[in-house]
Amino acid sequence: MTVFIIRRLMQALVVVFLMSIIVFFGVNVIGDPVAMLISPDADQAEMEAAIRRLGLDRPIHEQYFAFIKGAATGDFGRSFIFGEPALKLILSHMPATLELAFTALFLAVAIGIPLGLYAGLYPDSPISKGIMAGSILGFSLPTFWVGLMMIMLFAVHLQWLPATGRGDTGTFLWFETSLVTRDGLSHIMLPALNLALLKISLAIRLTRAGVREAMGQDYVKFARAKGLSPRRVILVHVMKNILIPVVTVMGLELGSLIGFSVVTETIFAWPGMGKLLIDAILQLDRPIVVAYLMIIVLFFVLINMIVDILYSILDPRVRLQEQGA
Amino acid sequence: MTDTQIIAPVPAKAETPFAQFRAEFFESKIAVGALITLGIVVVLALLAPWITPQNPYDLAQVDVMDARLPPGEEAFSGYTMWLGSDGSGRDLFSAILYGLRISLAVGVASGVIALFIGTFVGLFAAYVGGRVETLIMRFVDLQLSFPASLVALMLVALLGKGVDKIILALVVSQWAYYARTVRATALVERHKEYVEAAICLGLSKARIMFRHILPNCLGPLIVVGTVQVASAISLEATLSFLGVGLPQTQPSLGVLIANGFEYMLSGRYWISVFPGLALLLTVVSINLVGDHLRDVLNPRMKK
Amino acid sequence: MTEILKVTGLCTHFFTRAGVVKAVDGVDISLNRGEVLGLVGESGSGKSITGFSIMNLIDAPGRMTGGRISFKGRDLSQLSETAWQDLRGNRIAMIFQDPMMTLNPVLRIDVQMIEAIQAHEKVSRTTARERARDTLGMVGIPAPDERLKAYPHQLSGGMRQRVAIAIAFLNKPDLIIADEPTTALDVTIQSQIIHEAQKLTRQTGTAMIWISHDLAVVAGIADQISVMYAGRIVEHGPTDYVIDNPRHPYTYGLLGSVPSANKRGARLFQIDGMAPNMLALPRGCAFGPRCDRAVDVCAAAPGMSQSCTQKFRCHNPVPEAVKVAK
């Protein structure tokens, strides 16, 4: 197990290293930092001064090492717009995004798994067909457009929930979160649901497929032959088998939720790091863009690693393979 | 449990594989409906300059006095704006058809380019094998561990706006799906008897790859292709909506929806909703066709 | 001897898109306390479906469409689902074919055993656990305490089947339906399992229906044999008679195709053709097209004939004088 974790850590480090090269060269080779950073009507002298100040006249590998050195110490430069360190800005916007992503993940699991379970147990009922049709729509509909429709329906037309912004926050343990105030909850409802839609569809499909497969397995029939109640057969024998893979996949989706929150945050004016990124792109605030990309990469790698390790702890079969390997 | 096996009658065989495919495809009413819808959408988009009441980007034809007309209202120049007009007085119906052209063009172009690159890389990996293959596939896996939308967003963040840049971002974010599909199929095919027979005949490796293995990858490629084109269209719309995709001079559906967003809170729903419905119709019908194609083309689904 | 199980005219049909499959079509079974019935037939003959019908474990599109099952004198046809739950695993237990598949891979052995006890009796976990351990010992599992804490994949196939048998015996049922319990096992383990099962039925007085496609296995354990073909019982009688003097050509063929030391070098008998398509059974005798004794009357379905020793469903049975070469 320890060997497995160490091996997994090494892999993660390699990925982060590779991505740092890609992001850095993406910025400096594909994109033209001079054009991105300096206003077009600056004269030659201003341009050269700026290039020197940013170290852009040095050889590219030296620039890269400077970048890595900075990144390792958390220094991605200062935001051009806010004048604050980029990392600090992103970290200050991170709680709002994480709150949104985790709420969406919770919604996806809490809504998707029961619906998928129902659709898997009664595949021919009209309700199940409705659920499956809904999940196809959930996959096909562009998130941003559904967000607009939600605003139109719930905020403009019905006026049930506020359309934009993050509401009041309260403190829970040592977190500042909007999940503990009424106003905060009403503000997070729509964006979290919007962000969760795709993942609800995913959870429905995964659960349904898993239930359908498990129900045909001998061990379910054997459990029934033992005289267990349908409740116990489904909740213990079927669900225990399904939950491990479903929860694993859903955990892996946390990274993509954080990534996708860019869209949701823009629509609902949610003050998270996704919104910060879009504003930074629009205002050519390069340090923020670079810092965001590196942090997202780090998130992905970390989440993948943690889920992998958790999975191998949870599933007795994988555990044994690891021992055997 | 072997006792429960139930032998299904063998379906009558159609004359050619294509006829059989066609027969199976047309079995699903939903898929046929989606195909027809998709056909109508494509034709409308292609014919846009000839069938729309106005060219929404010819300033001489647009009247600001017509701005924000609700659906069904009559414009100053006399024709009815069935879908209403946008903030600068463009007929929405015309703008949507022109937008569809751009959305479809970007989606199909990036889909096709990604398909070619991905197919080539996937075949190449399966062809050379060994370390190079491992390296290529490791890279493919690495990229696929990030969602395509995030990769595309990263790229536009680095590249900036513009049609060429969006297409580049979409291609880079999608080629890996094709590469993985082709390589997986090629690996399966490589071990089949007909390939071994071809090797015994002394045919060159390249010839075997392109003449024997590639045609067998077409089924999975078509399936992945339809889904990827749909997601490319949707992704472009998303990026354009965020303001980091196509510029205002190339108003795709995403740009139209973004333009209507500001009017939404004041109740002028149509400026965003109708372009959105057009997008929806396109993406959903492509997905439904792709879904059914997978059922028909995937031999595992057939018993 | 008291009759434990009486099945009359059992019909279980599957309503598929391609048509109705009469998987079980008029099966009679009568079983006394402590008796072992061997239910023999090839794949698709309906023997497993018969077993599942008795447990009321037939899933859609299948349905029991006719017949009567009475268990210890009680008619089961009107039983509610909760009453069935009470019966299953308690009075009637089942052992499945593939021990790799029957135990839930993500639950420990003790969980799977204790729940089987607690589903039927209000006992504490500790008591249930003790009983589980004792039963594991009974079926010849060494170090039962450790095995209880194991996951199924940590045990060998033979060991898992022993666990499954232990689960079946946990509540000392009156009847056990064993659905090809040794088919998936090695031959050496097969005989151990058969031996174990035989010993347990004798000790506990449990009746058993042993379903198998292998006449040789059944001959070693069963008191009576029923041979099934295409959803019907084609021959029934005490094991010795059926083995020594099969009357139905199908039974005769099955016995002839068993290799044995005495037949070395001789050509094995084989039954021509393939198992019938259950959607399109031949008219008349279902075995007719494959039968080398078929005559014109076989175009009409044969009824059950009764000799002094056994019953068979054939117009032109193998004569009593003809014995199977052994």
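The values are calculated or read from the model by the stated rules, or taken from the named source; none is laboratory data. Fair warning: this is a prediction, and the values are worked out from it, not measured in the lab. Glycine also receives a Cβ, built like all others from the backbone with ideal geometry; neighbour counts cover every protein chain displayed.
General remarks:
- Residue that is farthest from the other protein chains (Cβ to nearest Cβ), among those in region C:83-130 that are farther than 21 Å from C:Ile209 by Cα and among the charged types (D, E, K, R): C:Glu130
- Selected residue (criterion: surrounded by the most Cβ atoms within 10 Å (Cβ to Cβ)) from residues of region A:139-172 that are β-branched (Val, Ile, Thr) and within 13 Å of chain B (Cβ to nearest Cβ): A:Ile151
- Test: residue in region C:114-122 that is farther than 22 Å from A:Gly216 by Cβ, in contact with a Pro (Cβ under 9 Å, 6 or more places away or on another chain), charged (D, E, K, R) and not assigned by TED's automatic domain parsing to the domain that holds C:Ile209: no
- Enumeration of residues in region C:223-261 that are touching a residue at least 12 places away in the same chain (Cβ under 8 Å) and over 20 Å from C:Ser307 (Cα atoms): C:Ala230, C:Gly231, C:Leu254, C:Gly256, C:Ser257, C:Val258, C:Ser260
- The residue that is nearest to the other protein chains (Cβ to nearest Cβ), among those in region A:199-244 that are part of a helix (DSSP H, G or I), within 26 Å of A:Gly130 (Cα to Cα) and of a type in the set (Gly, Ala, Ser), is A:Ala214.
- Among the residues listed as B:Val171, B:Val163, the single one being surrounded by fewer than 22 Cβ atoms within 10 Å (Cβ to Cβ) and under 21 Å from the mean Cα position of the chain (by Cα): B:Val163
- Identity of the residue in region A:265-284, among the small types (Gly, Ala, Ser) and facing chain B (nearest Cβ under 10 Å), that ends up surrounded by the most Cβ atoms within 10 Å (Cβ to Cβ): A:Gly274
- Filter result for B:Leu123 (crowded, with 17+ Cβ neighbours inside 10 Å and within 14 Å of chain A (Cβ to nearest Cβ)): no
- Hits in region A:173-196 - residues which are aliphatic (A, V, I, L, M), crowded, with 20+ Cβ neighbours inside 10 Å and more than 14 Å from chain B (Cβ to nearest Cβ): A:Ile188, A:Ala192, A:Leu193, A:Ala196
- Considering the conditions (1) in contact with a Phe, Trp or Tyr (Cβ under 9 Å, 6 or more places away or on another chain); (2) crowded, with 21+ Cβ neighbours inside 10 Å; (3) modelled with pLDDT under 85; (4) more than 23 Å from A:Gly147 (Cα to Cα), A:Gly259 is excluded by exactly one of them, (4).
- Selection of region C:26-53 for residues being hydrophobic (A, V, I, L, M, F, W, C) and either in contact with a Phe, Trp or Tyr (Cβ under 8 Å, 6 or more places away or on another chain) or within 14 Å of chain B (Cβ to nearest Cβ) (or both) yields C:Val27, C:Val36, C:Leu37, C:Leu39, C:Val40, C:Ile49, C:Phe52.
- Taken together, the residues in region C:73-99 that are buried (at least 18 other Cβ atoms within 10 Å of the Cβ) and not in a loop (DSSP other than H, G, I, E, B) amount to 8.
- From A:Ile136, A:Ile131, residue being among the β-branched types (Val, Ile, Thr) and modelled with pLDDT of 90 or more: A:Ile131
- Which listed residue is in a helix (DSSP H, G or I), more than 24 Å from B:Val244 (Cα to Cα), in contact (Cβ under 8 Å) with a residue 24 or more places away in the chain and of a type outside the set (Phe, Trp, Tyr), from B:Leu135, B:Leu187: B:Leu187
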